[in-house]
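Down below is the structure, laid out as structure tokens.
Where a number appears in this text, it was derived from the coordinates with a stated rule and is not lab data. Values in this document were obtained by computation on a predicted structure and should not be read as measured data. No Cβ is skipped: glycine too gets one built from the backbone with ideal geometry, and neighbour counts run over all protein chains shown.
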Amino acid sequence: MWLERIREPADLRELSHDELTELGGELRDFIVAAVADNAGHLGSNLGAVELTLALHRVFDSPQDAILWDTGHQAYVHKLVTGRQAGFAQLRQAGGLSGYPSREESRHDHVENSHASTILSYAYGMAVARDAGVDPHRHIVAVIGDGSMTGGMAYEALNNLGHAKRRVIIVLNDNGRSYAPTVSNLTSPRPVPDVEAEVRPSVVNRIGTAMSSALTSIRLNPVYVRRQRRLEDFLRDVPIVGTPAERAVEAVKAAVREFLQPTAFFEALGVRYVGPFDGHDIGALEHALRNAIELSAEGPIVVHVLTQKGRGYPPAEDDDEKHLHDAPVFDPALGPPKAVPTGYTQAFAEAVLKEAEADSRIVAITAAMPGPTGLLPFQGRFPDRFFDVGIAEQHAVTAAAGMAMGGLRPVVAIYSTFLNRAWDQIVYDVGLHRLPVLFCIDRAGITGDDGASHHGVHDMALLARVPGMRLLAPSSAQELHQMVHDAMTLTDAGPVAVRYPRGQAPQVGEHEVGVGLRARRVRAAAQPSSSVAVLAIGKLVGAASKAAAALAADGVDVTVWDVRCCAPLDDDMLADAAAHAAVVTLEDGVREGGIGMTIADRIGGTVPVEVLGLPTRFFPHGKADQILASVGLDADGVIAAVHRLR
């Protein structure tokens, strides 16, 4: 097997193109098997095999910095940089990260797995290199999976082009982010016309030939140098020089408009070449080598077309996401069709029910209709569903505009990605007290995706937005109730409902609260000599389990489901203050969190122990194990109660 012989990128340069083709097949088989055993990102990595091989054959990593946007497409990069053995523990505690990791390898430079950031990193590294501080020779930024729909990417392009920084940008265009990419920039993926394919029109054939020829010319450094000399000569011709130069530019612009719509890059001062077949290693290597020489004049985009999920039929045939990510599965059968589960399923049902009753309700997602549970909404109300791409800031302010116009927007988003729109939440929604509902999935410790995906800041942040009402359900039925109540609560301003990844407990109708009130789950017989446990969301389960264990040992405690984190329920606080001591429990950061607010409100009348997450980054691992490691489980609650008795 060729894969067994690859220990570092230099080993790839010894292989012929036929041998590379065989290696590509082995890489795809290896990735399918690894994800089948451990879960992880599949489709994006299957589509980036040839591109990754070409990059590592042309560039000398780590002397040349290869930077990955949406780092979930870096599995092949990890395999050819000496980490094959680590895939046995992919995304497991203490094992290989599902994203680039500076701790794992000198070939990894950027760990953040959030999209649309890599061009800004590249700009900054280029500034450092040009200042003689950073030793990297070439800086290559690979951006794809919809990342060009994010505003930061455009901001960085503007700076790169203006400053003429030597950066090579590889636009890995597979037409998708998680869902199909929401952009006119990347290449369209029209439904094939069989008849047209059999008898292509003359215009199409001429256009294709011209496009290919012009791309080859534009990649030729000799042509570029001669073009520059011609432009200089024309500019210096007396009287007619400037008009002649403008005429040449007009012809070039007309050709670009006809054949290369994506040449908008050049309006920003960024040279554009392509598109190229992202699965043709020879063509990719040729394009990348020429891009190195052309980058001497400034940034250049090399546009490559790839197929997400390539080489694995279940991924190629998955219309929703091309198996962007997958759970543990049988490689021979492929993963089961992804459907919302747990809290996400409860939200999907709840928002659909409310939308049936209120035509003002619209739903907004930032490139994740499936994972947030909005596909049923999209199917039922396509005209009231808006996928804005990987553009969380835009999503929130667009929701503000919709609310100003009389609609009732529901923004469905992951907690970690909500952080990206903090300014918009505060000033575009909060300041105007607009009727926007934020439904925040993957709140708290999420598990296998690691530090960049844990949603641990939302409560501490949102509770500080004036007028924001913040709710946290402890069951599927509570989530249904909160979404329903929010449709009335938003009359007075924004509401946020945050809920975790995973299964949602099912409870009876008498175990559900209402509005902004807390719910007492269990009452101690003698409050003045007992401890009150005030738990939030998912951790109500841990508090109830701890209370049952304590009761078996003769220790009686009161348990409250906080439900509403902002504003806090005055009745709950008064009851807690009547106890001998109080324990608060939340799966968010402790400092500045809800427990700290409870302790302040009780005012020192009774001892309060605040249990929450320490302020640090948590690596990947199973969510319950991470929570247990910091005392946020039943055992941790029991220990806290005993400390206070």
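Each of Trp2, Trp68 was scored by other Cβ atoms within 10 Å of its Cβ. Listed from fewest to most, they are Trp2, Trp68. The mean sequence separation of alpha-carbon pairs under 8 Å and at least six residues apart, normalised by the residue count of segment 347-509, gives a relative contact order of 22 percent. Based on Cα contacts under 8 Å between residues 6+ apart, segment 533-645 shows a relative contact order of 30 percent.
In straight-distance terms, cross-link reach from Lys164 covers every one of the aspartates and glutamates whose alpha-carbon lies under 16 Å from its own, apart from those fewer than eight places away in the same chain; here that gives Asp130, Glu155, Glu266, Glu293, Glu297.
Order by neighbour count: Ser528, Ser415, Ser120, Ser629, fewest other Cβ atoms within 10 Å first, most last. Don't skip to the end; give the middle numbers.
Values: Ser528 9, Ser415 28, Ser120 18, Ser629 14.
By the 10 Å Cβ count, ascending, the order reads Ser528, Ser629, Ser120, Ser415.
Under 17 Å of direct C-alpha separation, and excluding same-chain neighbours fewer than eight residues apart, Lys545 reaches these aspartates and glutamates: Glu511, Asp553, Asp556, Asp561, Glu586, Asp587, Asp624, Asp633, Asp635. Each Lys and Arg contributes +1 and each Asp and Glu -1, all at the Cβ; summed about the Cα centre of segment 477-544, the dipole is approximately 280 debye. Taking a straight Cα-Cα cut-off under 19 Å and skipping sequence neighbours fewer than 8 places away in the same chain, the aspartates and glutamates within cross-link reach of Lys337 are Asp37, Glu316, Asp317, Asp318, Asp319, Glu320, Asp325, Glu349. For segment 518-644, the spread of Cα positions along the three principal axes, ordered from largest to smallest, is 42, 33, 23 Å.
Of all the Cα-Cα pairs you can form in segment 378-521, what percent are over 27 Å apart? The proportion of pairs with Cα distances above 27 Å equals 20 percent.
May I ask you to sort Leu55, Leu96 by Cβ crowding, counting other Cβ atoms within 10 Å and putting the fewest first? Before the final figure, lay out each step's value.
On the way: Leu55 26, Leu96 23.
Listed from fewest to most nearby Cβ atoms, that is Leu96, Leu55.
Order 577-588, 482-493 from most to least packed using the mean count of other Cβ atoms within 10 Å.
On the way: 577-588: 24.6, 482-493: 18.8.
So the order, starting with the most tightly packed, is 577-588, 482-493.
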